[in-house]
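The block underneath contains the structure these notes are about, expressed in structure tokens.
The values are calculated or read from the model by the stated rules, or taken from the named source; none is laboratory data. Note that the coordinates shown come from a computational prediction; the quantities given were computed from them, not determined experimentally. As a convention, Cβ positions derive from the backbone with ideal geometry for all residues, glycine included, and neighbour counts pool all protein chains shown.
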Amino acid sequence: MPTVMKEDYYEILGVSRTSSQTEIKSAFRRAAMKCHPDLHPGDKQAEEQFKKVNEAFSILSDPQKKQMYDQYGHDGVNMGAGGFGGFNASGFGDVGDIFSSVFGDIFGGGFGSARGGKPRARRGEDLKSDVDITLEEAFDGLEKEISYTRVDRCSVCGGSGAEEGSSTKTCRSCNGSGTVVYQQGFFSMRQTCPDCGGKGTVVEKPCKKCRGSGVERVKEKITVKIPSGVRSGITLRISNGGDIGQNGGGYGDLYVEVHVKNHKIFERDGDDLILDGYITYPQAVLGGSIKVPTIEGKEIEVTIPKGTQFGEVLKMQGCGMPKLGKKGFGDLLIRVQIEVPKKPTARQKELLEELAKETGGKKSFFEKLFEK
Ligand SMILES: [Zn+2]
Ligand SMILES: [Zn+2]
């Protein structure tokens, strides 16, 4: 027999030689989870690794075999199939049994377990919905009603899938276990029964409304509480607002994404609001004050300092959006724009021409603007 270099069983499971059975068991779970063929369908390497992991565990979990392995290495456990409780290189005993004894309920009935039993509960799908609100609504926060559709228990049969008066019977394909066995390479795997979908039962006369599925699409209306200061892109999770699960697996969640519509006059930058504030040229030069609106619908007076430049930003602290989930507000930023009259009066023109002369003969912005 050719000698093949075999990997150390302790290394395969990632445990030390002094590990306890509990440590070996949990190391096996971790290692097997990483390469379980159900999680890596078609992956030859994972399958190979899974084989090694099982082999290592079948030795190290058995005190007698472990002792032989510790003393004599791989030769110790390969000395003869008969000597070690039937372990041999061509088949790994009943891997399903190792699995069910170690994993127990971790995988539930449908996955890797040889016990069958209850069909696997599956949580319902999560759903997504969108809601559009105005900037004013985002400022105040609000309760908004949203309509959407989801899969829920059938309103006629109440989820049984059976027509009124008819009963359910045990599924013949799986004898009520909800799972069927199939062979994959070395392992016998269990799969959800395709005939009953894992329920273990089938209905005699299916409900007409849901055709036996026990579920239907229903229209829902819920009221969502949108917090003040909310921004576009923020998603609110409505627990159990999604589709109903299978086999008692509970509802998924509903995710509501908030979109804040653009505002006619306010731009938003985080918690700050930006507004164009129009002042006249004399106000820019001499200073003064203007009134600007706030998002709350109020009006505030803003002082224009002397010599204010076009594009300068005046900050009104605390007049912006409320901070989401925090105290306080952002700022209102007033971007100064200089109003240029398109049709100046004769008097204005006269004065501006005077002003133009004062600017030292250079053609000013205003001169260029008004000459024809
Ligand atoms: Zn129904
Ligand atoms: Zn079945």
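Can you list residue pairs whose Cβ atoms sit under 6 Å apart, with the first residue in region 177-191 being under 10 Å from Asp38 (Cβ atoms) and the second being at pLDDT 75 or above and within 16 Å of ligand 2 (Cβ to nearest atom)? Count only pairs 6 or more apart in sequence or on different chains.
As it stands, the answer is Met189/Tyr182; Arg190/Thr179; Arg190/Val181; Gln191/Val180; Gln191/Tyr182, since those pairs meet every condition given.
What is the number of the single condition among (1) touching a strand residue (DSSP E or B) at 6+ places or on another chain (Cβ under 6 Å); (2) of a type in the set (Gly, Ala, Ser); (3) in contact (Cβ under 8 Å) with a residue 60 or more places away in the chain that Gly161 does not meet?
(3)
Please report, ordered by residue number, the strands (runs of 3 or more DSSP E) entirely within region 162-204 with at least 3 residues that are away from ligand 1 (no atom under 16 Å from the Cβ) and exposed (fewer than 15 other Cβ atoms within 10 Å of the Cβ).
Because the criterion is at least 3 residues that are away from ligand 1 (no atom under 16 Å from the Cβ) and exposed (fewer than 15 other Cβ atoms within 10 Å of the Cβ), the strands (runs of 3 or more DSSP E) in region 162-204 that meet it are 179-184.
Quick one: how many residues across region 135-161 are in a strand (DSSP E or B) and either within 16 Å of ligand 2 (Cβ to nearest atom) or loosely packed, with under 12 Cβ neighbours inside 10 Å (or both)?
So the count comes out to 3.
Across region 114-127, what is the number of residues that are in a strand (DSSP E or B) and at pLDDT 95 or above?
Of the residues in region 114-127, 1 are in a strand (DSSP E or B) and at pLDDT 95 or above.
Please state which of the following conditions Lys65 fails to meet, knowing it meets all the rest: (1) at pLDDT 80 or above; (2) out of contact with any helix residue (DSSP H, G or I) (no Cβ under 9 Å at 6 or more places or on another chain).
Answer for Lys65: the failing condition is (2).
Assess whether Ala27 counts as being farther than 24 Å from Gln191 by Cα and either at pLDDT below 85 or surrounded by 14 or more Cβ atoms within 10 Å (Cβ to Cβ) (or both).
Values: farther than 24 Å from Gln191 by Cα: yes; either at pLDDT below 85 or surrounded by 14 or more Cβ atoms within 10 Å (Cβ to Cβ) (or both): yes.
Taking the combined requirement at face value, the residue satisfies it.
Being in a loop (DSSP other than H, G, I, E, B), free of Cβ contacts under 8 Å to residues at least 12 places away in the same chain and of a type outside the set (S, T, N, Q) narrows it down to one of Arg211, Arg231, so name that one.
Arg211
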